[in-house]
1. When you scan region 84-107, do you find a residue that is outside any loop (DSSP other than H, G, I, E, B), open to solvent by 30 Å² or more (accessible area, probe 1.4 Å) and under 12 Å from Val5 (Cα atoms), even just one?
2. Would a scan of region 52-59 turn up a residue that is under 30 Å from Gly16 (Cβ atoms), more than 18 Å from the chain's Cα centre (by Cα) and hydrophobic (A, V, I, L, M, F, W, C)?
3. May I ask you to list the residues in region 69-79 that are surrounded by 16 or more Cβ atoms within 10 Å (Cβ to Cβ) and in a strand (DSSP E or B)?
4. Between a first residue in region 20-36 that is more than 10 Å from Ile48 (Cα to Cα) and a second residue that is acidic (Asp, Glu) and open to solvent by less than 30 Å² (accessible area, probe 1.4 Å), which pairs have beta carbons less than 7 Å apart while being 6 or more apart in sequence or on different chains?
5. Looking at region 109-123, which of its residues are basic (Lys, Arg) and either open to solvent by less than 30 Å² (accessible area, probe 1.4 Å) or outside any strand (DSSP E or B) (or both)?
6. Being among the β-branched types (Val, Ile, Thr) and in contact with a Ser or Thr (Cβ under 9 Å, 6 or more places away or on another chain) is the filter here; which residues of region 34-70 pass it?
7. Which one of these is of a type outside the set (Val, Ile, Thr), closer than 25 Å to Gln25 by Cα, out of contact with any Pro (no Cβ under 8 Å at 6 or more places or on another chain) and free of Cβ contacts under 8 Å to residues at least 24 places away in the same chain: Gly47, Gly104, Gly74?
8. Scan region 14-68 for residues that are outside any strand (DSSP E or B), open to solvent by less than 30 Å² (accessible area, probe 1.4 Å), aliphatic (A, V, I, L, M) and at pLDDT below 95 and jot them down.
Amino acid sequence: MEKIVKYNGRKDSFLGSTPPVDLVQGEMYTVIGSVDRRWQTDYTLRGIKGQFNSAWFTEVQCLVAFSQKPPVVGKRCECAKLKERSLELVKWSTSPVQAVMKVGDAYITKTKNSIYIIKQLSN
């Protein structure tokens, strides 16, 4: 799975990076490559030219969840998500949904800090 990161607004770079003029603070980006430069790791992002210091980004969680109802933009989604590093389900309420895309019988759901793949359960 590709790594999704959120730009945190930083601009410092020990070894030089592409200036972040095309990056938007709080926006999510897909990492398509990384270069370990020993003291700094640089990311290459889908759709943005250049290489950017990885310290400028926070990794976005991608979670799997199940819900009785489809997610709705602007509302929290009541669901059961898979607990990290186990197959246990935990009751969960997302932060307000920012975007939803239906893919087959699931919904790719974006919230402030996470991306969920939500499968709607049949009644």
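1. no
2. Checked against the condition, which is being under 30 Å from Gly16 (Cβ atoms), more than 18 Å from the chain's Cα centre (by Cα) and hydrophobic (A, V, I, L, M, F, W, C), region 52-59 yields no hits at all.
3. Correct list: Cys79 only.
4. Once the first residue is more than 10 Å from Ile48 (Cα to Cα) and sits in region 20-36, its partners that are acidic (Asp, Glu) and open to solvent by less than 30 Å² (accessible area, probe 1.4 Å) give Ser34/Asp42; Val35/Asp42.
5. The answer is Lys112, and nothing else.
6. Hits for region 34-70 are Val35, Thr41, Thr44, Ile48, Val60.
7. After ruling out the rest, the residue left standing is Gly47.
8. Val60
The values are calculated or read from the model by the stated rules, or taken from the named source; none is laboratory data. Keep in mind that this is a model prediction, so the values were computed, not measured. Methodologically, a virtual Cβ is constructed for each residue, glycine included, from the backbone with ideal geometry; neighbour enumeration extends over all protein chains shown. Side chains included, ligands, DNA and RNA excluded: accessible areas come from the protein's heavy atoms. Shrake-Rupley method; radii C 1.70, N 1.55, O 1.52, S 1.80 Å.
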